[in-house]
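The values are calculated or read from the model by the stated rules, or taken from the named source; none is laboratory data. Just so you know, these numbers come straight off a predicted model, no measurement behind them. Note that we place each Cβ from the backbone using ideal geometry, even for glycine, and neighbour counts take in every protein chain shown. Each accessible area value is taken on the protein alone, full model and side chains, heavy atoms only, with ligands, DNA and RNA left out. Shrake-Rupley method; radii C 1.70, N 1.55, O 1.52, S 1.80 Å.
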Amino acid sequence: MEPSASTYELVIEPGRAERHYWRDLWRYRELFQVLAWRDISVRYKQTVIGAAWALIRPFLTMVVFTVVFGQLAKLPSDGTAPYALMVFAGLLPWSFFATALGDASNSLVGNANLISKVYFPRLIVPIAAVMVAFVDFLIGFAILVGLMLWYQFLPGWQILLLPAFAAIAFAVSLGVGLWITALNVNYRDFRYVIPFIVQLGLYVSPVGFSSAIVPDQWRLLYSLNPMVGVIDGFRWSLLGGESRLYWPGFYLSLAVAGFFLWLGIRQFRKMEKGFADLI
């Protein structure tokens with residue numbers, strides 16, 4: 001009896017897995033879908049308020065930032081755009097990055113039984129975790145649409161470039177996430193460092209304020225934080241002419257994002273062979 005067309009034949013020979021690694025990512029796409037759907041189901045089905053948590057958390061954060069930075073500190077918004085809208089336009093990509101970093105860093109440890117028993121490209125696991133965070137991002141986007149309707153604010157033609165900035169945010173989240181994931185497998189105390197990095201990054205990134213308040217002589221250096229370019233890009237595409245994009249800083253942030261993506265993949269692939277033994 002001949003095997004069906006969907007049956008795969010696994011040939012074990014020296015170096016084969018390395019040569020066919022990127023092809024195997026496509027072959028194991030169904031496993032990627034299963035892992036991502038499982039994590040989404042666990043996140044939303046086994047909670048009291050379900051998907052509403054993805055709406056409540058960024059909304060409350062936006063309210064706090066608007067009161068503290070906009071009302072008490074009297075920091076300026078971008079142009080005539082409402083301060084709450086400016087804050088949420090920056091909070092949306094940051095929440096995606098923070099959630100992706102936290103989920104991806106623990107993804108391999110959380111799937112230890114699967115990794116130690118079955119062969120598949122380990123890169124699938126953290127990518128699936130980042131995709132789950134992207135679902136949160138899409139749900140949170142509903143609040144942004146609601147805020148624009150509430151303030152009767154219509155975006156300009158720049159909104160067409162929003163998917164490009166979302167792709168950059170995905171690249172930054174994946175690159176940093178892969179790097180931290182590999183380190184977390186070898187050094188478990190990294191799980192205590194990640195919340196500190198996320199908390200610190202929330203305040204050093206232009207989430208609750210506009211990056212335009214940074215002095216000109218420091219702005220290019222400030223853009224070494226890749227999330228600065230991502231957040232500024234989101235605001236520029238969503239607020240249009242009300243938010244000016246600092247192009248030299250954006251290009252620098254884009255280069256740093258590309259570097260982190262390269263570094264994350266390189267370090268992950270370098271340490272991948274020992275994951276099954278360490279987990």
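Considering only region 142-191, state which residues are farther than 12 Å from L101 by Cβ, of a type outside the set (A, V, I, L, M, F, W, C) and open to solvent by less than 80 Å² (accessible area, probe 1.4 Å).
Scanning region 142-191 gives G146, P155, G156, Q158, N186.
Would it be correct to say that V87 is on the phi < 0 side of the Ramachandran plot and at pLDDT below 90?
Numbers: on the phi < 0 side of the Ramachandran plot: yes; at pLDDT below 90: no.
For V87, the condition - on the phi < 0 side of the Ramachandran plot and at pLDDT below 90 - is not met.
Would you be able to tell me the number of residues in region 204-241 that are over 15 Å from M86 (Cβ atoms), more than 17 Å from the chain's Cα centre (by Cα) and of a type outside the set (A, V, I, L, M, F, W, C)?
Qualifying residue count for the region: 6.
Restricting the search to region 170-194, which residues are modelled with pLDDT of 85 or more and either of a type in the set (S, T, N, Q) or over 20 Å from V125 (Cβ atoms) (or both)?
S173, T181
Please verify whether region 67-74 includes one or more residues that are within 30 Å of Y119 (Cβ to Cβ) and either assigned to a loop (DSSP other than H, G, I, E, B) or modelled with pLDDT of 75 or more (or both).
Pass one, region 67-74, residues within 30 Å of Y119 (Cβ to Cβ): none.
No, that holds for no residue.
Spot the failing condition for T99; the list is (1) out of contact with any Asp or Glu (no Cβ under 6 Å at 6 or more places or on another chain); (2) open to solvent by 20 Å² or more (accessible area, probe 1.4 Å); (3) not aliphatic (A, V, I, L, M), and only one is missed.
In the conditions (1) out of contact with any Asp or Glu (no Cβ under 6 Å at 6 or more places or on another chain); (2) open to solvent by 20 Å² or more (accessible area, probe 1.4 Å); (3) not aliphatic (A, V, I, L, M), T99 misses (1) alone.
Can you name every residue in region 108-130 that is under 13 Å from F32 (Cβ atoms) and part of a loop (DSSP other than H, G, I, E, B)?
Taking region 108-130 first, the residues under 13 Å from F32 (Cβ atoms) are 111, 114, 120-130.
Passing the criteria: N111, F120, P121, R122, L123.
Could you give me the residue pairs with C-beta distances under 8 Å whose first residue belongs to region 198-210 and is closer than 15 Å to S223 by Cα, whose second residue is open to solvent by 10 Å² or more (accessible area, probe 1.4 Å) and of a type in the set (A, V, I, L, M) wherever it lies, and which are 6+ apart or on separate chains?
G201/A98; L202/A98; P206/V214; F209/L75; S210/L75
Which of the residues that make up region 227-238 are crowded, with 24+ Cβ neighbours inside 10 Å and farther than 13 Å from S211 by Cβ?
Within region 227-238, just L238 meets the criteria.
Of all the residues that make up region 192-201, how many are open to solvent by 80 Å² or more (accessible area, probe 1.4 Å) and not aromatic (F, W, Y)?
Of region 192-201, the ones open to solvent by 80 Å² or more (accessible area, probe 1.4 Å) are 192, 196, 199-200.
Imposing the further condition that a residue be not aromatic (F, W, Y) reduces the set to 199-200.
Matching residues across region 192-201 total 2.
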